[in-house]
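I have a structure here, written as structure tokens, and I will follow up with some questions on it.
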Amino acid sequence: MTGSKRILIVARIGFWVAVIVLLAGSVSWMTIMPGKSVSEPLAEPTQLEREWAARLERDVHMLAGEIGERNMGTPGSMDRTVEWLDQRLIESGLNPAHHEYTLIGSGHAGETAVNVIGEIPGTSRAEELVVVGAHYDSVPGSPGANDNASAVAVVLALADWFSERPQARTLRFVIFANEEPPFYLSADMGSHAYAADLRDTDEQVTAMMALDGLGFFSTESGSQQFPAPGLGLAYSNRAEFIAFVTRMRNRSVLTDALGAFRSKASIPSEGAALPSFLPGVGWSDHWSFWQHGYPAFLVTDTLPFRDPHYHSPADTPERLDYERMARVAVGLKAVVQELAGE
């Protein structure tokens, strides 16, 4: 072997070693998160977690059982849901407000949709906003217990908790219309219309946390799937954890949130700041806030990657794990405090 060939081989080896090191570093940056997640078996639920589990179950049964399917194609369902959400916020000591907008397409042009808001003014930095949101509609043909009555119930529990515990920043608990098809990832999403109005009025949203699907868990091996090859190497293949997800540019708000969650939560958690084009990374209301330049992330059980009855008539209240939902909700108290506190 000549000296020039030897140099060329060494250079090629060096190049590929550098590529591997760079890729490994990138994956680590995207997936290694602060704090330490708890693991199975879980500790006995606290008294607060038991109380919240009962409340969450009642609210999910109301939305997905009593009201049932909730969408623009089911006459009266959206109005009835808004009326019930208003009453729940009033019970929490809040004055519900409505953000109304006119649909421009999706087969419902000219119709009006309503986002429901409960606001808790900040104590010292009131001009800065933290938005906690979830969509209240369900896909046509489904009562939507996990998607998304589960997350609405958690938003209401958090609104109730913080109604007597104002933070430095203003808290807005927003329950959005029209996240599901045919409005999905369009200007007719309730969250998109709301974020657009926030941007138009130059509101200072420091963080937005979207909640979507918080109620389905399993400890069976293989119960958790992933949106991209290789991700399963970094996470459990059991659907026992709650996931925090965002795009790469919003990693810092995600790490703050997940670190706070892990400091208090009694349920396993995972986090990732991934390229936004990967399936699942932008699949909820946080996407709308990205479109308007606001930092936002998603908290989810990962829905289609674990829930066998996602978007089906079988997405009913009795199959959800309300104790684990309550563990998530109690952990999210710490997230809200981290995002909205001094």
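The values are calculated or read from the model by the stated rules, or taken from the named source; none is laboratory data. Since the structure is predicted, the reported quantities are computational estimates derived from the model, not experimental observations. Cβ atoms come from the backbone with ideal geometry, glycine included; neighbour counts cover every protein chain shown.
Using the structure shown, decide if Arg238 is assigned to a loop (DSSP other than H, G, I, E, B), farther than 21 Å from Gln291 by Cβ and out of contact with any helix residue (DSSP H, G or I) (no Cβ under 6 Å at 6 or more places or on another chain).
Considered against the rule, which asks whether it is assigned to a loop (DSSP other than H, G, I, E, B), farther than 21 Å from Gln291 by Cβ and out of contact with any helix residue (DSSP H, G or I) (no Cβ under 6 Å at 6 or more places or on another chain), Arg238 comes out as yes.
Right, another one. Name the residues in region 59-79 that are of a type in the set (Ser, Thr, Tyr) and either farther than 15 Å from Pro140 by Cβ or in contact (Cβ under 8 Å) with a residue 12 or more places away in the chain (or both), would you?
Selection gives Thr74 alone.
Can I ask one more? Which residues, taken from region 241-273, are in contact with an Asp or Glu (Cβ under 8 Å, 6 or more places away or on another chain), surrounded by fewer than 23 Cβ atoms within 10 Å (Cβ to Cβ) and assigned to a helix (DSSP H, G or I)?
Asp256, Gly259, Ala260
Given the criteria touching a Phe, Trp or Tyr at 6+ places or on another chain (Cβ under 9 Å), modelled with pLDDT of 95 or more and among the hydrophobic types (A, V, I, L, M, F, W, C), does Leu129 qualify? Before the answer, list the steps.
Numbers: touching a Phe, Trp or Tyr at 6+ places or on another chain (Cβ under 9 Å): no; modelled with pLDDT of 95 or more: yes; among the hydrophobic types (A, V, I, L, M, F, W, C): yes.
No, not satisfied.
Out of region 325-335, which residues are buried (at least 24 other Cβ atoms within 10 Å of the Cβ) and out of contact with any Pro (no Cβ under 8 Å at 6 or more places or on another chain)?
Met325, Val328, Ala329, Val330, Leu332, Val335 - these are the residues of region 325-335 that are buried (at least 24 other Cβ atoms within 10 Å of the Cβ) and out of contact with any Pro (no Cβ under 8 Å at 6 or more places or on another chain).
Follow-up. Scan region 71-112 residue by residue and report those that are on the phi > 0 side of the Ramachandran plot and modelled with pLDDT of 95 or more. Reasoning before the result, please.
Filtering region 71-112 down to residues on the phi > 0 side of the Ramachandran plot leaves 76, 93, 106-107, 110.
Residues satisfying the conditions are Gly76, Gly93, Gly110.
Residues checked against (1) part of a helix (DSSP H, G or I); (2) hydrophobic (A, V, I, L, M, F, W, C); (3) surrounded by fewer than 24 Cβ atoms within 10 Å (Cβ to Cβ):
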residue	(1), (2), (3)
Ala149	yes, yes, no
Val152	yes, yes, no
Val174	no, yes, no
Glu179	no, no, no
Phe183	no, yes, no
Ser186	no, no, yes
